[in-house]
Each structure stands twice: as C-alpha cells, then as structure tokens.
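Take a look at the structure set out below.
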Amino acid sequence: MDKASGGKAIIAAGAHFKGKIKHTHAIEINGSVEADLESEKVTIGKEGNFVGAINADLVVISGHYDGSMNAGSIWATATAHISGKIQYKTLQMDRGAALNCRVVHNWKPETPATKTPTAKTPAAKTSATKKSAKEDAQDKATDAANRPDDDDKANDAGTVNHTETMAASTDEGAVQAASTPKHNDDTSFPFKQDETVKMMAPDTESPPAAEQQDKPARRFGIFGFASKSAG
Amino acid sequence: MDDVTHIVNGMDIEGVLAGGEFPVVVDGQFSGEIHANHVTLSEHGLFSGKLFAKHVEIGGRFDGELVCEALNVTATGKIDGKVKADTLSIDLGAEVMGSISRAT
C-alpha cells in the first residue's frame with residue numbers, strides 16, 4: 001500500500017503492545033513491545049523495550065532487546081542492551097553497548113562460506129587420483145624416461161588442488177568484502193547517514209557529519225583486512 | 001510527533017495495545033484490542049476488535065466493540081458493531097450500523 005506516506009510508525013513511550021507487526025516501512029519503538037516484527041527499518045529508542053523476533057534491513061538499537069533478530073545491518077548505540085541472538089551482515093557497536101547474546105554473521109543461506117571449499121576439494125582430489133591412475137597405465141606402456149614427468153604432473157595436481165581451495169577461500173573473502181559496499185550503494189540502504197541519525201532517538205547528540213561518513217569506509221577496511229588475512 | 005503511537009498507512013498490526021497516556025493514531029490496519037486515552041482512527045484506518053478509550057474519533061472503518069466516554073464519527077467514518085458512549089456526535093455522511101448505548 002502507501003508505504004511512502006510520510007511516515008514512520010511509532011509506539012510511543014508508555015505504550016505497551018503485544019502481538020504481530022507486519023508490512024511496515026519504518027518503525028520506532030519507544031514503549032514496550034512484545035511482538036514478531038517485519039520491517040525495513042526498526043529503531044528501538046532509549047526507553048524502548050522489545051521482546052520477540054525482528055526481521056529487518058536495518059535495526060538501530062538504543063534500548064533493550066531480547067529475542068532473535070535477522071538484520072542486514074545492526075547498529076547498537078551506546079545505551080543498547082541486547083540479549084538473545086542476532087544475525088547480521090554488518091554490525092556496528094558504539095562504546096558502551098551491551099551485547100549478551102549469540103552473534104552470527106551472514107545468516108542468509110545464499111552465501112555458504114564453508115560449503116564451497118569442502119565441496120570442491122574432494123572432486124579435485126578424485127580427478128587428481130584418476131589422472132595419476134591413467135598416467136600409471138601409460139607409464140607401464142611407455143619407458144621409464146617419462147617417470148619424472150609423471151612426478152611433475154602429480155605435483156601439478158597437488159598444486160592445482162591447493163590453488164583451488166585457495167581460490168575458494170578468497171572467493172568467500174571477496175563475497176564478504178563485496179557484501180559491504182553493495183549495501184552502501186543501495187539507495188534504500190539506511191546507512192545513508194542522515195537517515196540513520198534521524199532514526200536515532202532525537203535527544204542524542206548526532207555526531208559530526210565527517211565522522212559519520214568515515215564509518216562505512218572504516219568498516220569496509222576492517223572487512224577487507226579480515227578477508228585478506230583469512231585468504 | 002514522538003509522543004504519539006502511530007500505526008501508519010500500509011502497516012498491518014495484530015494484538016493488544018495499551019496506549020498509555022499518549023494518543024494513538026491508527027492509519028493502517030489493526031486487529032485486536034486497544035486501551036488508550038485518546039484514539040483516532042483516520043480515513044485510511046481499518047480496525048477490527050475491541051476499543052476502550054476516553055476520547056475516540058472514527059474517520060475510517062471500525063468493526064467490533066467500542067467503549068468510550070466521547071465518540072466523534074467524522075464524515076468518512078464507518079462503524080459496524082456495538083458502541084457504548086456517553087457523548088456521541090456523528091457527522092453528516094458517516095455510516096453507523098449496530099447498537100448504540102450509554103457506557104454508564
């Protein structure tokens with residue numbers, strides 16, 4: 001329906017809601033909510049208290065949260081208290097944020113970081129053994145002069161195998177690294193800092209714009225570094 | 001703005017809402033129960049369930065049970081159900097069906 005109708009849904013301070021919330025564009029929770037929530041953006045204000053599942057693109061938490069959260073980006077501000085489980089693609093924690101929960105990166109099954117190399121390695125190994133078996137047969141037919149070549153080929157197979165796993169792991173790193181800037185390019189992605197600041201409790205002092213703009217770059221830097229060291 | 005519980009247009013909400021002292025505006029779809037001081041169901045709002053409040057303004061569609069002190073049904077309002085109100089005003093054009101009685 002009319003999702004652009006100016007607005008962010010609000011559960012005011014002092015209000016208490018229990019139930020289900022769906023089809024929301026943006027919601028701000030300053031009261032107490034016990035619900036399952038689907039939304040693009042969720043803000044839990046300083047006084048806010050949320051219990052239940054959240055499925056969202058961006059969650060900014062300044063209050064208390066308990067439950068299972070799936071979010072593209074999670075920003076836990078200095079006053080955040082989180083328990084339960086959070087699954088995220090990008091996570092930002094301000095100094096003072098309290099996380100007492102299970103934290104899982106990359107909750108979407110499309111990027112199975114661990115499966116790719118394990119699936120490839122056995123296939124590579126079997127092809128390598130097949131090759132060497134063939135070459136053994138050839139060796140029986142041909143003279144002994146070919147044997148060093150055979151050894152070389154076996155080594156080659158070994159290195160191919162190795163590089164394949166290397167490639168797989170770098171792929172995985174690239175996926176991780178690529179996911180971060182992809183978010184930033186997305187126009188709907190709320191780390192457009194102005195919006196994020198708006199979504200925060202308005203009484204908190206918004207940090208200077210320059211510092212804000214630094215943050216995605218820095219995060220990317222961290223990810224880039226992490227993926228390099230992993231590869 | 002922040003002191004209002006606002007169910008925006010397009011939103012689908014189900015459950016029990018205790019609004020506290022701040023007003024509640026329903027512009028989306030609500031099914032369940034609302035307990036609040038002041039409730040406005042605006043033109044695009046759709047409510048089904050029970051509503052308990054002091055002041056209520058209905059501009060959208062209401063199905064269910066309504067108990068309040070003062071009720072105002074605006075021209076776009078549609079009510080189907082049971083209404084208990086001490087003071088009542090219905091604007092020209094409003095559609096009200098069901099039973100109306102005094103709350104006290």
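Inverting the pair-averaged 1/r between distinct Cα atoms of region A:5-53 gives 10.5 Å as its Kirkwood hydrodynamic radius.
Relative to the Cα centre, what is the charge dipole magnitude of region B:9-104, using +1 at the beta carbon of each Lys and Arg, -1 at the beta carbon of each Asp and Glu, and rounding to the nearest 20 debye? List each step's numbers first, then the result.
Details: 7 positive and 14 negative charges, 56 e Å.
Here region B:9-104 has a charge dipole of around 280 debye.
For the pair A:Ala53 and A:Val104, label points projected 7 Å from Cα toward Cβ lie 1.2 nm apart.
According to the Kirkwood expression over distinct Cα-Cα pairs, how big is the hydrodynamic radius of region A:1-82, in Å?
On the way: mean 1/r = 0.0817 Å⁻¹.
Across region A:1-82, the inverse of the average 1/r is 12.2 Å.
Please say if region B:21-104 is rounded, prolate or oblate, where rounded means a/c under 1.5 for a ≥ b ≥ c the square roots of the C-alpha gyration tensor eigenvalues, and otherwise the choice is prolate for a/b larger than b/c and oblate otherwise? Taking the square roots of the gyration eigenvalues as a ≥ b ≥ c, region B:21-104 is rounded.
In angstrom, the C-alpha Rg and Dmax of region B:1-57 are 9.8, 26. Our estimate of slack between B:Glu95 and B:His55, defined as 0.36 nm per intervening residue step minus the Cα-Cα distance, is 12.5 nm. Could you grab the relative contact order for chain B? Cα pairs under 8 Å, six or more apart, rounded to a whole percent. For chain B, the relative contact order is 16 percent.
Read-outs throughout are calculated quantities, based only on the coordinates presented, and are distinct from any laboratory measurement. As the structure is a computational prediction, the values presented were derived from the model and not from experiment. Every residue, glycine among them, receives a Cβ derived from its backbone with ideal geometry; neighbour counts consider all protein chains shown.
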